[in-house]
Amino acid sequence: MQVKSFEEYQQVYRKSVEQPEQFWEDIANNFLWKKKWDKVLDWNFKEPKIEWFKGAKLNITENCLDRHLEHNGDTPAIIWEPNDPAEDHRVLTYKQLHDKVCQFANVLKNNGAKKGDRICIYMPMVPELAIAVLACARIGAVHSVVFGGFSAQSIADRIKDAECNIIITADGSHRGTKEVPLKSIIDDALVQCPSIQKVIVLTRSHTPVSMIKGRDVWWEDEVKKVETQGNPDCPAEEMDAEDMLFILYTSGSTGKPKGVVHTCGGYMVYTGYTFTNAFQYQPGEVYFCTADIGWITGHSYIAYGPLTQGATSVLFEGIPTWPDAGRLWDIVEKFKVNILYTAPTAIRSLMSFGDDVLNGKDFSSLTKLGSVGEPINEEAWHWFDEKIGKGKCPIVDTWWQTETGGFMISPIANVTPLKPGYATLPLPGVQPILVDENGKEIEGNGVSGNLCIKFPWPGMLRTTYGDHERCRTTYFATYDNLYFTGDGCLRDADGYYRITGRVDDVLNVSGHRIGTAEVENAINMHSSVVESAVVGYPHDIKGQGVYAFVVSPGKHGNEELTRKDIMMTVSRIIGAIARPDKIQFVSGLPKTRSGKIMRRILRKIAEGDTANLGDTSTLLDPAVVEEIKEGAL
Ligand code: WTA
């Protein structure tokens with residue numbers, strides 16, 4: 001599946017466009033199927049309907065686990081580094097991971113889980129998180145992992161939307177010096193969630209918890225029961241290629257987060273293929289992705305993609321800056337990491353600690369680097385290249401999305417000539433196109449426009465859970481017959497792609513997607529807020545910061561306290577990741593006569609670019625702009 005030269009890439013790419021079905025069929029033949037497909041692809045972007053490998057039967061966990069047992073059973077599948085460096089790390093070989101997944105799959109069955117059930121997972125970054133995810137897939141249950149930083153309200157919203165009947169969590173987690181009482185957050189969420197029948201709780205932090213009789217059970221007790229039942233195996237449920245594998249909620253420009261749905265066959269083929277090809281993974285290499293399994297990067301490139309390829313994947317519970325800003329480098333040295341895949345925000349944050357932290361660290365094992373989640377600025381690119389890669393490691397800048405399932409535009413390590421800040425070229429099978437506002441294709445090079453994809457790829461989303469129409473309007477209705485990414489993009493004179501950032505009302509804060517409407521809704525729930533408008537502004541470390549303009553007559557009591565109260569409200573409603581960096585109190589928002597907030601103006605003010613606000617003549621009350629400009633933070 002790996003292309004070995006740039007010429008080969010060009011040939012393979014051409015074939016993938018001319019004969020996409022043949023191309024993907026050849027790739028799919030590298031995987032383990034219980035039954036092969038009747039048809040490679042059936043699609044239209046109108047409804048949309050996308051079906052890959054229709055009629056095929058498989059279980060993704062047989063590809064991630066069973067098929068490695070014979071020759072690579074003793075190869076480490078997961079190397080786990082705990083939050084506290086004083087605690088022992090753990091290694092799970094493919095054989096051990098297989099056994100634990102089967103065991104926990106039986107725990108799920110004992111607790112009433114069946115094929116098709118939706119199971120929510122809210123856990124720290126411990127091996128049991130990967131085990132829980134794979135155990136769901138083993139029995140054909142659909143997992144919905146919620147990142148450990150989300151609030152009780154966000155969890156409740158997701159559980160209700162997916163009608164989950166089981167939730168898997170832990171007593172608590174440690175991230176740096178912070179303790180997060182996961183189970184207690186779950187208890188708050190469950191007040192609103194009658195669909196949940198069982199809560200399975202892993203012991204991790206020994207935080208005191210309240211266990212409700214009949215509903216809450218300990219992970220360890222349940223595993224013991226399975227052990228005494230003496231049936232360690234759990235046959236893999238036979239799944240249809242288009243059966244749901246998981247739901248992952250992500251933010252859009254309007255309303256509540258939507259549940260992006262990925263299915264078994266296409267997602268498996270796509271993550272496995274893109275992982276091995278883009279990173280040119282070689283047997284024996286140690287691969288370390290610093291993301292959390294709670295995000296798509298962790299799903300596709302800590303768990304599924306690498307495991308389908310028999311890779312050794314490092315899972316890290318902590319944060320890059322604790323106990324000090326050298327933590328990632330210590331992990332690289334400790335496990336002789338060969339491939340390091342991280343985010344620009346982490347790179348910028350570590351850069352800010354200065355280069356002394358790097359002294360004495362051994363980076364010699366590294367051969368390939370990767371970046372994901374947001375545009376990487378050139379300064380960060382060069383620092384990563386020189387200080388970490390020592391000028392000898394290609395940087396694979398992977399552009400993709402929760403919805404795409406896997407890498408779309410990305411260099412292939414040691415194959416694609418690089419350009420700092422560029423995701424470079426589409427991977428085989430990916431057909432990007434730039435369009436103007438009217439959906440007209442912008443041809444040629446040295447152009448920019450809105451990035452769309454014009455042909456399906458196996459890893460693409462199939463629907464948004466419970467609301468197919470929302471999937472259609474969000475991604476397939478903006479432009480006829482195209483999947484719209486929401487990103488702006490430049491194609492330079494050489495045909496290289498550089499993603500310039502979102503063109504919709506989605507922010508990218510530290511590589512996390514946050515919808516402005518979601519943050520506004522949370523702010524507006526505060527009793528002293530009349531209305532608000534949220535925009536992004538350039539932030540040195542986070543890429544983008546959250547800037548909130550808030551109309552709050554009640555602020556006069558104590559402005560600073562109101563500001564903190566609002567931040568607290570956002571943390572409670574969404575989670576700390578969405579907390580505004582700046583809150584400016586204003587007497588009114590700039591609106592058109594029809595009542596629409598002119599975000600363009602607010603964006604400029606937030607960016608500090610007030611000299612040229614453009615046309616304000618359509619504003620209902622132009623004076624408000626002057627006031628906002630003067631009070632800008
Ligand atoms: C942005 C994360 C520039 C982009 C995998 C996209 C990037 C959004 C890159 C998806 C990159 C992701 N260069 N921008 N290499 N990778 N993005 O769904 O705006 O959390 O639309 O998926 O992140 O974020 P998501």
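The values are calculated or read from the model by the stated rules, or taken from the named source; none is laboratory data. What you see is a predicted model, and the numbers here were worked out from it, not measured in a lab. Note that we place each Cβ from the backbone using ideal geometry, even for glycine, and neighbour counts take in every protein chain shown. Note: accessible area is taken over every heavy atom of the protein model, side chains too, but ligands, DNA and RNA are not part of it. Shrake-Rupley method; radii C 1.70, N 1.55, O 1.52, S 1.80 Å.
Quick check on my filter: what residues within segment 517-528 are surrounded by 24 or more Cβ atoms within 10 Å (Cβ to Cβ) and either among the acidic types (Asp, Glu) or under 9 Å from VAL550 (Cβ atoms) (or both)? Walk me through how you get there before you give the answer.
Initially, segment 517-528 is screened for residues surrounded by 24 or more Cβ atoms within 10 Å (Cβ to Cβ), giving 518-519, 522-523.
Residues satisfying the conditions are GLU518, ILE523.
Can you list residue pairs whose Cβ atoms sit under 9 Å apart, with the first residue in segment 361-377 being within 13 Å of TRP329 (Cβ to Cβ) and among the acidic types (Asp, Glu) and the second being in a loop (DSSP other than H, G, I, E, B) and away from the ligand (no atom under 16 Å from the Cβ)? Count only pairs 6 or more apart in sequence or on different chains.
Taking only residues 6 or more apart or on different chains, the pairs are ASP362/LYS336.
Could you check segment 390-400 and list, in sequence order, the residues that are in contact with a Leu (Cβ under 9 Å, 6 or more places away or on another chain) and not β-branched (Val, Ile, Thr)?
Scanning segment 390-400 gives LYS390, LYS392, CYS393, PRO394, ASP397, TRP399.
Of the residues LEU602, LEU620, only one is of a type outside the set (Lys, Arg), touching a residue at least 24 places away in the same chain (Cβ under 8 Å) and surrounded by fewer than 19 Cβ atoms within 10 Å (Cβ to Cβ); which?
After ruling out the rest, the residue left standing is LEU620.
Any idea which of ILE412, ILE433 is hydrophobic (A, V, I, L, M, F, W, C) and either part of a strand (DSSP E or B) or modelled with pLDDT under 95 (or both)? Explain how you work it out, then say what you get.
On the way: ILE412 fails: either part of a strand (DSSP E or B) or modelled with pLDDT under 95 (or both).
Result: ILE433 is the single residue among ILE412, ILE433 that is hydrophobic (A, V, I, L, M, F, W, C) and either part of a strand (DSSP E or B) or modelled with pLDDT under 95 (or both).
Residues in segment 47-76 that are in contact with a Leu (Cβ under 6 Å, 6 or more places away or on another chain) and of a type in the set (S, T, N, Q): how many?
Count: 2.
Here are some conditions: (1) surrounded by fewer than 19 Cβ atoms within 10 Å (Cβ to Cβ); (2) within 16 Å of the ligand (Cβ to nearest atom). PHE384 meets all but one. Which one does it not meet?
For PHE384, the exception is condition (1).
Kindly list the number of the only condition in (1) exposed (fewer than 13 other Cβ atoms within 10 Å of the Cβ); (2) modelled with pLDDT of 95 or more; (3) more than 20 Å from PRO127 (Cβ to Cβ); (4) not polar (S, T, N, Q) that fails for GLU237.
Result: GLU237 fails condition (1) only.
Can you name every residue in segment 474-514 that is over 21 Å from the mean Cα position of the chain (by Cα), part of a loop (DSSP other than H, G, I, E, B) and either more than 17 Å from LEU461 (Cβ to Cβ) or within 11 Å of the ligand (Cβ to nearest atom) (or both)?
ASP480, ASP492, ALA493, ASP494, GLY495, TYR496
Among the listed residues PRO306, PRO320, identify the single one that is within 16 Å of the ligand (Cβ to nearest atom) and either within 30 Å of ALA135 (Cβ to Cβ) or open to solvent by less than 40 Å² (accessible area, probe 1.4 Å) (or both). Steps first, please.
Numbers: PRO320 fails: within 16 Å of the ligand (Cβ to nearest atom).
Unique residue meeting the criteria: PRO306.
Can you report the number of residues in segment 163-209 which are under 22 Å from LYS115 (Cβ atoms), part of a strand (DSSP E or B) and over 23 Å from the mean Cα position of the chain (by Cα)?
Total meeting the criteria: 3.
Confirm whether GLY140 is in contact (Cβ under 8 Å) with a residue 24 or more places away in the chain, open to solvent by 10 Å² or more (accessible area, probe 1.4 Å) and out of contact with any Pro (no Cβ under 7 Å at 6 or more places or on another chain). Steps first, answer last, please.
Working: in contact (Cβ under 8 Å) with a residue 24 or more places away in the chain: yes; open to solvent by 10 Å² or more (accessible area, probe 1.4 Å): no; out of contact with any Pro (no Cβ under 7 Å at 6 or more places or on another chain): yes.
The answer is no for GLY140.
Which residue, of VAL260, VAL226, VAL217, is more than 16 Å from the ligand (Cβ to nearest atom) and either in a strand (DSSP E or B) or not assigned by the TED database to the domain that holds PHE23 (or both)? Can you show your working first?
Details: VAL260 fails: more than 16 Å from the ligand (Cβ to nearest atom); VAL226 fails: either in a strand (DSSP E or B) or not assigned by the TED database to the domain that holds PHE23 (or both).
The conditions single out VAL217.
Pairs under 6 Å by beta carbon, first residue in the same structural domain as MET408 (by the TED database) in segment 472-500, partner within 16 Å of the ligand (Cβ to nearest atom) and part of a helix (DSSP H, G or I), six or more apart or different chains?
Pairs found: TYR483/TYR475; PHE484/TYR475.
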